[in-house]
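The values are calculated or read from the model by the stated rules, or taken from the named source; none is laboratory data. Keep in mind the model is a prediction, meaning the values are calculated, not measured. Every residue, glycine as well, gets a Cβ built from its backbone with ideal geometry; the counts of neighbours run over all protein chains shown.
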């Protein structure tokens, strides 16, 4: 079943799905923006972001704004491609 | 069971995409109220001008009358203040209901993109007044306000785009009817706001309210 194969386990969680959705339509998002939009705790968000980073679906940049550390996330080319496939697979599964 | 989960996933994706890129809590009712204030303002301005403003010369001569000009500025400022305050209050209420933060990345982006053409237009109108080309102020405000709406539409409910285009159109048309600026103002800032505000109210606010009751 090729459609089932396109359902990506890496996106099979509400928070990871949310992170990817946000990064698909925004060039980048920082930690606090993701936290507010998804209404999750720091630790929860960090661990899910880490999982996506491991798959090379998102890129993490740490920088300083003034003296405050700021973590910025953006989707990689691979991540966008895989997420598109995932959405298409979902849509096909619902369509039936 | 499975099917339901996929459906939920899709709606979560859609929700996050629109919430992170667009400010959706803009209240339609605030548009209606802004229109009502504008009509009241236009009526007061018309009274102050005493129906003089039907010709270009009259508009020019009125400008020399300091008292009248001051009153017009006062009306304009009052209308703007009422519209902005009402807009903020109603949008705040709606954002509380939909769980969206009033002042977040998306609303900041919306305000910034709305203000860029608007401030450029404001300064341009001041320059028109400086060179005593006052009769082009009304068309210019309509055109620049329309462009501001078109620009802002990418960051909020997309319907504002069509209102913006309508504003640009009547702004350009009004350049051919110098002296009737006040009527075009009333048509644009009054009637267009009321019509589009009501449309948005019934399209989004009503539906949203229904969802909450579930």
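Taken over the stretch A:70-91, the criterion of being closer than 14 Å to residue A:29 by Cα and either part of a helix (DSSP H, G or I) or away from chain B (no Cβ under 14 Å) (or both) is satisfied by A:71, A:76.
Out of curiosity, is residue A:7 touching a residue at least 24 places away in the same chain (Cβ under 8 Å), at the interface with another protein chain (Cβ under 10 Å from one of its Cβ atoms) and farther than 20 Å from residue B:2 by Cβ?
Working: touching a residue at least 24 places away in the same chain (Cβ under 8 Å): yes; at the interface with another protein chain (Cβ under 10 Å from one of its Cβ atoms): yes; farther than 20 Å from residue B:2 by Cβ: no.
Taking the combined requirement at face value, the residue does not satisfy it.
When residue A:48 is tested against (1) in a helix (DSSP H, G or I); (2) touching a residue at least 12 places away in the same chain (Cβ under 8 Å); (3) away from chain B (no Cβ under 14 Å), just one condition goes unmet, and that condition is (3).
Might you check whether a residue that is surrounded by fewer than 20 Cβ atoms within 10 Å (Cβ to Cβ) and within 30 Å of residue A:25 (Cα to Cα) occurs anywhere in the stretch B:185-199? Among the residues of the stretch B:185-199, at least one is surrounded by fewer than 20 Cβ atoms within 10 Å (Cβ to Cβ) and within 30 Å of residue A:25 (Cα to Cα), which makes the answer yes. Among the residues here, residue B:152 qualifies as modelled with pLDDT under 95, under 27 Å from residue B:24 (Cα atoms) and in a helix (DSSP H, G or I). Apart from one condition, residue A:40 fits all of (1) within 14 Å of chain B (Cβ to nearest Cβ); (2) in a helix (DSSP H, G or I); the exception is (2). If you go through the stretch B:1-19 and keep only what is exposed (fewer than 13 other Cβ atoms within 10 Å of the Cβ), modelled with pLDDT of 85 or more and at the interface with chain A (Cβ under 7 Å from one of its Cβ atoms), you end up with nothing.
Table: residues versus (1) farther than 30 Å from residue A:32 by Cβ; (2) within 14 Å of chain A (Cβ to nearest Cβ); (3) surrounded by 16 or more Cβ atoms within 10 Å (Cβ to Cβ); (4) at pLDDT below 80.
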| position | (1), (2), (3), (4) |
| --- | --- |
| B:25 | no, yes, yes, no |
| B:29 | yes, no, yes, no |
| B:37 | yes, no, yes, no |
| B:45 | yes, no, yes, no |
| B:92 | no, no, no, no |
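Does residue A:55 satisfy the condition of being within 13 Å of chain B (Cβ to nearest Cβ) and surrounded by fewer than 20 Cβ atoms within 10 Å (Cβ to Cβ)? Don't jump to the end; show me each part of the working.
Numbers: within 13 Å of chain B (Cβ to nearest Cβ): no; surrounded by fewer than 20 Cβ atoms within 10 Å (Cβ to Cβ): yes.
In short, no.
Here residue B:170 does not qualify as over 29 Å from residue A:26 (Cα atoms) and not in a helix (DSSP H, G or I).
Filtering the stretch A:11-52 to residues that are buried (at least 18 other Cβ atoms within 10 Å of the Cβ) and over 20 Å from residue B:99 (Cα atoms) leaves A:11, A:16, A:20, A:23, A:24, A:26, A:48, A:49, A:52.
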